[in-house]
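> This is the structure I have questions about; it appears just below.
The values are calculated or read from the model by the stated rules, or taken from the named source; none is laboratory data. What you are looking at is a predicted structure, and each value in this text was computed from that prediction instead of being measured. Cβ placement follows ideal geometry from the backbone for every residue including glycine, while neighbour counts extend to all protein chains displayed. Note: accessible area is taken over every heavy atom of the protein model, side chains too, but ligands, DNA and RNA are not part of it. Shrake-Rupley method; radii C 1.70, N 1.55, O 1.52, S 1.80 Å.
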Amino acid sequence: MTRTHQMFSAESRRMGVKHRNEAYFRAPKWEHGYRADIYLPQYRTLIEVDGPSHLGRVARDRTRDRRFHEDLGISTIRIRHAECD
């Protein structure tokens, strides 16, 4: 978990927003599951903090976000790591 992810989680917790860190999801038709940075179950929304490991993975991340939305009804919000520092 990156420092930005930790800070976002701590602030969410302080504000009383229930969430799960490193939540694992798998739909029946997926070959494998996915781990999401932060899941807000009340809002059926994922928060992804895109750090350096996401460089060059834009198409892959879009596919993942589409699968979450179409197969599980979960939306994704992406925050670039640099926007938080």
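> Any idea which residue in region 1-18 is surrounded by the fewest Cβ atoms within 10 Å (Cβ to Cβ), counting only those that are in a helix (DSSP H, G or I) and in contact (Cβ under 8 Å) with a residue 24 or more places away in the chain?
Filtering region 1-18 for residues that are in a helix (DSSP H, G or I) and in contact (Cβ under 8 Å) with a residue 24 or more places away in the chain, the one surrounded by the fewest Cβ atoms within 10 Å (Cβ to Cβ) comes out as M7.
> Output the residues belonging to region 20-37 that are open to solvent by less than 30 Å² (accessible area, probe 1.4 Å) and touching a helix residue (DSSP H, G or I) at 6+ places or on another chain (Cβ under 6 Å).
Applying the first criterion (open to solvent by less than 30 Å² (accessible area, probe 1.4 Å)) to region 20-37 yields 23, 25, 27, 30, 33, 36-37.
Scanning region 20-37 gives A27, D37.
> Kindly indicate the residue of region 55-82 that is part of a helix (DSSP H, G or I) and open to solvent by less than 30 Å² (accessible area, probe 1.4 Å) and also modelled with the highest pLDDT among those meeting that condition.
It comes out as F68.
> Tally up the residues in region 19-36 that are touching a strand residue (DSSP E or B) at 6+ places or on another chain (Cβ under 8 Å) and assigned to a loop (DSSP other than H, G, I, E, B), please.
First, the residues of region 19-36 that are touching a strand residue (DSSP E or B) at 6+ places or on another chain (Cβ under 8 Å): 19-26, 33-36.
With the extra rule that they be assigned to a loop (DSSP other than H, G, I, E, B), the set shrinks to 19, 26, 33.
The number of residues fulfilling the criteria is 3.
> Looking at region 37-52, is at least one residue part of a helix (DSSP H, G or I), of a type in the set (G, A, S) and at pLDDT below 90?
Within region 37-52, none of the residues are part of a helix (DSSP H, G or I), of a type in the set (G, A, S) and at pLDDT below 90.
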